[in-house]
1. Please identify every one of the chymotrypsin sites (Phe, Trp or Tyr not before Pro) in segment 5-60 that sits in a loop by DSSP and has no more than 15 other beta carbons within 10 Å of its own beta carbon.
2. For segment 38-152, max minus min Cα coordinate along each principal axis, in Å, sorted largest first?
3. Which length gain, in nm to one decimal place, applies between K71 and L183 when the Cα-Cα distance is subtracted from 0.36 nm times their residue separation?
4. With log10 I(q)/I(0) by the Debye sum over Cα atoms at q = 0.12, 0.16 Å⁻¹ defined as stated, name the option among (1) -0.69, -1.25; (2) -0.58, -1.02; (3) -0.78, -1.09 computed from the structure displayed.
5. Measuring with a 1.4 Å probe in the full set of protein chains, what accessible area per residue, in whole Å², belongs to segment 1-111?
6. Looking at the chain, which longest stretch skips every one of the trypsin sites (Lys or Arg not before Pro) that is in a DSSP loop with at most 16 other Cβ atoms within 10 Å, leaving the sites themselves out?
7. Stretched out fully, how many nm does the piece from L48 to D156 gain, at 0.36 nm a residue minus the Cα gap?
8. Give the distance, in whole Å, between the Cα centre of segment 35-83 and the Cα centre of segment 127-176.
Amino acid sequence: YMEADSEALVWSKQTFIAFGMNPFSDRAPRNKKELRQLVHEEDRTKLLELYQKVLTGETETYETELRQYQKNDGTYRWFLTKAQSIKSEEGNIIGISGITLDIHERKLAEEKLRQTNDELSKANSELDRFVYSVSHDLRAPISSLLGLIQLSRMTDKVEEVKQYMSLQEKSIQRLDNFIKDILDYSRNARLEFTPEPISFKEILENCFEQHS
C-alpha cells in the first residue's frame, strides 16, 4: 500500500518475502524512490509511469510483469504486479493498493519455449535451403543425362555414341558422388566440425565439365 500524498509504503509480510527480505529484521522501502531501486533497471520507468497514471486518475488499475530484486541471493525474479487506486468518500485518490505474484518459473518456461521455437524456425529455414540446393544439384546430372541420351538418338556414328555414353557415365558418377556427399553431410552434422583444405581448381574443372 502507498499513500498518495506522502508516498509512504506499507508492506505485508508476504511482500517482504517476495523481495527476498526478512519481514522481522529488514526495513521496507520508505517511498517510491527507494522501491524503484528494488526493481530491475529495465522495468523501473514502466513501473513509475503506471504509478503516475493511477495517482493522477488516468487509470484506476494496472497490471504489469517486472523483475524484483532478491536481497537474500542478489538475483532478480519475475513477478506479476497488480494495483488499483484507493479513493476517499469524496472520490479523491488517497493511495494505491497492490499485490505481487511470483511468476518466475512461468517466465523461464516461456523463454525456453521461445528459444525452442526460434531453433525450430532456424532449422526449418535451413531445411528449406538444403532441399532447394539438393534438388538443384540432383537435377543437374539428370538434365545432362537426358541431353546426352537425346544426342545419342540423333546420330548413327558409333564413335559419337561411345563419346556420349562416356559423358553419361561421368554424369552418373557425379550424381552418385553427390548422393554420397549428402549421406556424409548427414553424418558429419552430428560430429565435431574439422576444417580441411579444398581444391578450387578441381571444383571449377568439374563445373566446366558438367556444362560442356
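The values are calculated or read from the model by the stated rules, or taken from the named source; none is laboratory data. In this text the structure is predicted, and so the values were computed from the model without any measurement. Note: ideal-geometry Cβ built from the backbone for every residue, glycine included; neighbour counts use all protein chains shown. Heads up: the accessible areas ignore ligands, DNA and RNA and are worked out on the full protein's heavy atoms, side chains in. Shrake-Rupley method; radii C 1.70, N 1.55, O 1.52, S 1.80 Å.
1. Working: sites: W11, F16, F19, F24, Y51; in loops: W11, F19, F24.
Those satisfying the criteria are F24.
2. 100, 36, 20
3. Values: separation 112, 0.36 × 112 = 40.32 nm, distance 5.46 nm.
Result: 34.9 nm gained on full extension.
4. (3)
5. Values: 6780 Å² over 111 residues.
Ligands and nucleic acids excluded, the figure is 61 Å² per residue.
6. Values: sites that count: R27, R30, K71, K157, R190.
Here the longest segment lacking exposed loop sites spans 72-156.
7. Details: separation 108, 0.36 × 108 = 38.88 nm, distance 8.98 nm.
The L48-D156 span can extend by a further 29.9 nm.
8. So the two Cα centres are separated by 68 Å.
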